[in-house]
1. Being within 15 Å of residue 193 (Cα to Cα), in contact (Cβ under 8 Å) with a residue 12 or more places away in the chain and either out of contact with any Ser or Thr (no Cβ under 6 Å at 6 or more places or on another chain) or part of a helix (DSSP H, G or I) (or both) narrows it down to one of 110, 116, 129, so name that one.
2. Would you please name the residue that is farthest from residue 195 (Cα to Cα), looking only at residues in region 255-281 that are surrounded by 14 or more Cβ atoms within 10 Å (Cβ to Cβ) and not hydrophobic (A, V, I, L, M, F, W, C)?
3. Condition test on residue 278, is it outside any helix (DSSP H, G or I) and polar (S, T, N, Q)?
4. Could you please find all residues in region 205-242 being in contact (Cβ under 8 Å) with a residue 12 or more places away in the chain and of a type in the set (Lys, Arg)?
5. Let me spell it out: the conditions are (1) at pLDDT 80 or above; (2) buried (at least 17 other Cβ atoms within 10 Å of the Cβ); (3) within 26 Å of residue 206 (Cα to Cα), and residue 140 meets all of them except one. Which number is the exception?
6. Only one residue in 307, 202, 245 is closer than 30 Å to residue 85 by Cβ, of a type in the set (A, V, I, L, M, F, W, C), in contact (Cβ under 8 Å) with a residue 40 or more places away in the chain and touching a Phe, Trp or Tyr at 6+ places or on another chain (Cβ under 7 Å), so which one is that?
7. Read through the list (1) modelled with pLDDT of 85 or more; (2) crowded, with 19+ Cβ neighbours inside 10 Å; (3) over 26 Å from residue 86 (Cα atoms), then give the number of the only condition that residue 235 fails.
8. Among the residues of region 101-122, what is the count of those that are hydroxyl-bearing (Ser, Thr, Tyr) and within 17 Å of residue 87 (Cα to Cα)?
Amino acid sequence: MIRNMNEISKNFGKIAVAAGFLFYLGACTPDGSPEITGESTEETNTPADEPINMGEEVNRKVFYTIPSPLELTSIIKKAGAKFDKSVLNSTENMSKYVTQTSMALNLGVYGADLSYASIFEQTQETMHYFAAARKLADELGITSAFGESTLARIQNNLDNKDSLVAIISDSYWETDAYLKENKQSSISGLVIAGGWLEGMYVSCKLAEKTKSNTDIIARIGEQKLTLDNLIAMLSSYKDPEVVEVVADLYALKEAFDPVEIIYNRQAPTVDKEAKVTTLNTTSTINISDAQLAVISERIDGIRTKIVK
């Protein structure tokens, strides 16, 4: 196991891959210091704070660097932001999604909105967005992950946030597994992209409305490296619809280029008994108001294209 200690991030303890995007679950360490944990069976790993190289296992590795909607939403809530339904993609738009690409992208979008509603314990909205995700999954031929048994589990755990998050994670895990088993990895990649973009969209909008927004803005700036990894993953697919999404992400990358990320790496510490290597790295994110405005504008444009 490798741990990356990063002072501008929060602790997201247990990782579960769900429909391609990670659900990082956890809280701050007892002493208040933040940590990010990722597990691998390899003896050496690519740290989460460095862009990964293209290779045979690029898709698996990129999962460890893309923050999930749940992760971003947890930061937003801790910053004191209030639930704002207006930033979500209306479920009334669902009838517009008739192509496989639009359905996959918006399955990711609705997954992010579902995460947002569940973290803020919005019972009615959680059910609405689960129904929307279920409908799109059904249209894509992925019925088992969002079937009657899953719906019953959600209804029985609406007052238990931790259980609800686990159920949602399970549903998207099954979706991702189905797509890969049926040679539809590019569709899974589009789900990842849709979820990440929606999480970023919500983050940018709520950063504008939240006074104590330092952590939110820092996390947005940190996505400069995440975006590189997302582009690398999607570029491995040659489907025309994925190529168009990659082109939009390259335009977003231009807006992120001026953002400065400064690392201070110290010698790693090794716990041989626990088989844990801790990478002692602190980071400073330098992102100006002007840079944030451009990033937000680009994300807004791409997200509008996806949901409309």
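1. 110
2. Filtering region 255-281 for residues that are surrounded by 14 or more Cβ atoms within 10 Å (Cβ to Cβ) and not hydrophobic (A, V, I, L, M, F, W, C), the one farthest from residue 195 (Cα to Cα) comes out as 268.
3. Against the criterion (outside any helix (DSSP H, G or I) and polar (S, T, N, Q)), residue 278 qualifies.
4. Scanning region 205-242 gives 205, 209, 211, 219, 224.
5. Exception for residue 140: condition (3).
6. Within the list 307, 202, 245, the selection yields 202.
7. For residue 235, the exception is condition (2).
8. Keep residues of region 101-122 that are hydroxyl-bearing (Ser, Thr, Tyr), which gives 101-102, 110, 115-116, 118.
Okay, now just the ones that are also within 17 Å of residue 87 (Cα to Cα), so 110, 115-116, 118.
Adding up the residues that qualify gives 4.
The values are calculated or read from the model by the stated rules, or taken from the named source; none is laboratory data. Since the structure is predicted, the reported quantities are computational estimates derived from the model, not experimental observations. Every residue, glycine among them, receives a Cβ derived from its backbone with ideal geometry; neighbour counts consider all protein chains shown.
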